[in-house]
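Engineer: Okay, handing you the structure first.
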Amino acid sequence: SQQGEEDPQALSIQEGENATMNCSYKTSINNLQWYRQNSGRGLVHLILIRSNEREKHSGRLRVTLDTSKKSSSLLITASRAADTASYFCATDVFQGAQKLVFGQGTRLTINP
Amino acid sequence: EAQVTQNPRYLITVTGKKLTVTCSQNMNHEYMSWYRQDPGLGLRQIYYSMNVEVTDKGDVPEGYKVSRKEKRNFPLILESPSPNQTSLYFCASSLHTSGVSYNEQFFGPGTRLTVL
């Protein structure tokens, strides 16, 4: 898998349900960040979780990090139509130089 | 309001005609970066800058130039655009902590470039 690879690529759920997206990576990280992008617009930062943290919350968002499995998950609870967007994870890694590497994203659709 | 601005937002041009996309941030951030976003390829970094007069190549720098003469501005220059540079471009900025880890990135609204 690539560094910062999201799964699934697309997810469609009903409003009110919970949405879970996963991110897997290959090399050790300093931190992992989640971003949201509404169609064709700039990315918006959601949460940053450091390598020594296991879980963080922000409103309806819950992010977990399992460094032993090199994976993270983003949970959105009680989804709303406005949550429809693409979600990206970004890993802070060293690849010849310190880099922030973005995955290809999960396209989330919330159906009313 | 803290923000990253990009201009123009939309641009249609022809092969070989030099163009510049401007990027400006008002948050006194040291780090600035340019990305391009293409379907199926995700977000790829073009160039980045750790501070004034310090720039480095990202993953896809060919065909692009940048400069960082002032802290707030980081223009992207396409000297001779080609159709394969048709893409959605984003500028981003952040505070930078001693080259150790990346902080929250603030993104501009994007520039949709079409090269005919």
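Engineer: Condition check: on the phi > 0 side of the Ramachandran plot, within 14 Å of chain A (Cβ to nearest Cβ), open to solvent by less than 50 Å² (accessible area, probe 1.4 Å) and of a type outside the set (S, T, N, Q). Does B:G16 satisfy that?
Structural biologist: Details: on the phi > 0 side of the Ramachandran plot: yes; within 14 Å of chain A (Cβ to nearest Cβ): no; open to solvent by less than 50 Å² (accessible area, probe 1.4 Å): yes; of a type outside the set (S, T, N, Q): yes.
Considered against the rule, which asks whether it is on the phi > 0 side of the Ramachandran plot, within 14 Å of chain A (Cβ to nearest Cβ), open to solvent by less than 50 Å² (accessible area, probe 1.4 Å) and of a type outside the set (S, T, N, Q), B:G16 comes out as no.
Engineer: In the stretch A:102-112, which residues are open to solvent by 30 Å² or more (accessible area, probe 1.4 Å) and facing another protein chain (nearest Cβ under 10 Å)?
Structural biologist: Going through the stretch A:102-112, the residues open to solvent by 30 Å² or more (accessible area, probe 1.4 Å) turn out to be A:104, A:107, A:109, A:111-112.
Answer for the stretch A:102-112, where residues must be open to solvent by 30 Å² or more (accessible area, probe 1.4 Å) and facing another protein chain (nearest Cβ under 10 Å): just A:Q104.
Engineer: May I pose another question? In the stretch A:33-48, which residues are more than 8 Å from every other protein chain (Cβ to nearest Cβ), surrounded by 15 or more Cβ atoms within 10 Å (Cβ to Cβ) and modelled with pLDDT under 95?
Structural biologist: The initial filter retains those residues of the stretch A:33-48 that are more than 8 Å from every other protein chain (Cβ to nearest Cβ), namely A:34, A:36-39, A:46-47.
Imposing the further condition that a residue be surrounded by 15 or more Cβ atoms within 10 Å (Cβ to Cβ) reduces the set to A:34, A:36-37, A:46-47.
None - no residue of the stretch A:33-48 is more than 8 Å from every other protein chain (Cβ to nearest Cβ), surrounded by 15 or more Cβ atoms within 10 Å (Cβ to Cβ) and modelled with pLDDT under 95, so the list stays empty.
Engineer: Here is a further query. Kindly list the number of the only condition in (1) part of a strand (DSSP E or B); (2) under 27 Å from B:D38 (Cβ atoms); (3) modelled with pLDDT of 90 or more that fails for A:E6.
Structural biologist: (3)
Engineer: Another question, if that's okay. For residues that are assigned to a loop (DSSP other than H, G, I, E, B) and not hydrophobic (A, V, I, L, M, F, W, C), scanning just the stretch B:23-53, find the one that is surrounded by the most Cβ atoms within 10 Å (Cβ to Cβ).
Structural biologist: Looking at residues that are assigned to a loop (DSSP other than H, G, I, E, B) and not hydrophobic (A, V, I, L, M, F, W, C), I get B:H29.
Engineer: Residues to consider are B:E70, B:E79, B:E62; find the one that is at negative phi, surrounded by fewer than 16 Cβ atoms within 10 Å (Cβ to Cβ) and either touching a residue at least 40 places away in the same chain (Cβ under 8 Å) or of a type in the set (F, W, Y) (or both).
Structural biologist: On the way: B:E70 fails: either touching a residue at least 40 places away in the same chain (Cβ under 8 Å) or of a type in the set (F, W, Y) (or both); B:E62 fails: either touching a residue at least 40 places away in the same chain (Cβ under 8 Å) or of a type in the set (F, W, Y) (or both).
When all the criteria are applied, what remains is B:E79.
Engineer: Mind listing just one residue for me: the one in the stretch B:82-98 that is open to solvent by 40 Å² or more (accessible area, probe 1.4 Å) and modelled with pLDDT under 95 and, of those, farthest from the other protein chains (Cβ to nearest Cβ)?
Structural biologist: Step one: filter the stretch B:82-98 for residues open to solvent by 40 Å² or more (accessible area, probe 1.4 Å), giving B:83-84, B:86, B:95, B:97-98.
After this cut, where a residue has to be modelled with pLDDT under 95 as well, the list is B:95, B:97-98.
Values: B:L95: 12, B:T97: 10, B:S98: 10 Å.
Only one residue fits best here, namely B:L95.
Engineer: Could you check, for the stretch A:11-19, whether at least one of its residues is part of a strand (DSSP E or B), open to solvent by 70 Å² or more (accessible area, probe 1.4 Å), in contact with a Ser or Thr (Cβ under 9 Å, 6 or more places away or on another chain) and modelled with pLDDT of 95 or more? Write out each step before concluding.
Structural biologist: Initially, the stretch A:11-19 is screened for residues part of a strand (DSSP E or B), giving A:11-14, A:19.
Subset that is open to solvent by 70 Å² or more (accessible area, probe 1.4 Å): A:12, A:14.
Applying the additional criterion that residues be in contact with a Ser or Thr (Cβ under 9 Å, 6 or more places away or on another chain) yields A:12, A:14.
Next, from what is left, pick out any that are modelled with pLDDT of 95 or more: A:12, A:14.
Yes - at least one qualifying residue is present in the stretch A:11-19.
Engineer: Which ones in the stretch B:100-116 are part of a strand (DSSP E or B) and surrounded by fewer than 21 Cβ atoms within 10 Å (Cβ to Cβ)? Walk me through how you get there before you give the answer.
Structural biologist: Of the stretch B:100-116, the ones part of a strand (DSSP E or B) are B:101-102, B:106-107, B:111-115.
Correct list: B:S101, B:R112, B:T114, B:V115.
Engineer: Is one or more of the residues making up the stretch A:70-89 touching a residue at least 12 places away in the same chain (Cβ under 8 Å), over 15 Å from the mean Cα position of the chain (by Cα) and closer than 27 Å to B:S33 by Cα?
Structural biologist: No.
Engineer: Here is a follow-up. State yes or no: is B:Y35 within 10 Å of another protein chain (Cβ to nearest Cβ), under 27 Å from A:G103 (Cβ atoms) and out of contact with any Pro (no Cβ under 9 Å at 6 or more places or on another chain)?
Structural biologist: Details: within 10 Å of another protein chain (Cβ to nearest Cβ): yes; under 27 Å from A:G103 (Cβ atoms): yes; out of contact with any Pro (no Cβ under 9 Å at 6 or more places or on another chain): yes.
It is true that B:Y35 is within 10 Å of another protein chain (Cβ to nearest Cβ), under 27 Å from A:G103 (Cβ atoms) and out of contact with any Pro (no Cβ under 9 Å at 6 or more places or on another chain).
The values are calculated or read from the model by the stated rules, or taken from the named source; none is laboratory data. Worth saying up front: this structure is predicted, and the values here are computed from it rather than measured. Every residue, glycine among them, receives a Cβ derived from its backbone with ideal geometry; neighbour counts consider all protein chains shown. Surface areas here come from the heavy atoms of the whole protein model, side chains and all, with no ligands, DNA or RNA. Shrake-Rupley method; radii C 1.70, N 1.55, O 1.52, S 1.80 Å.
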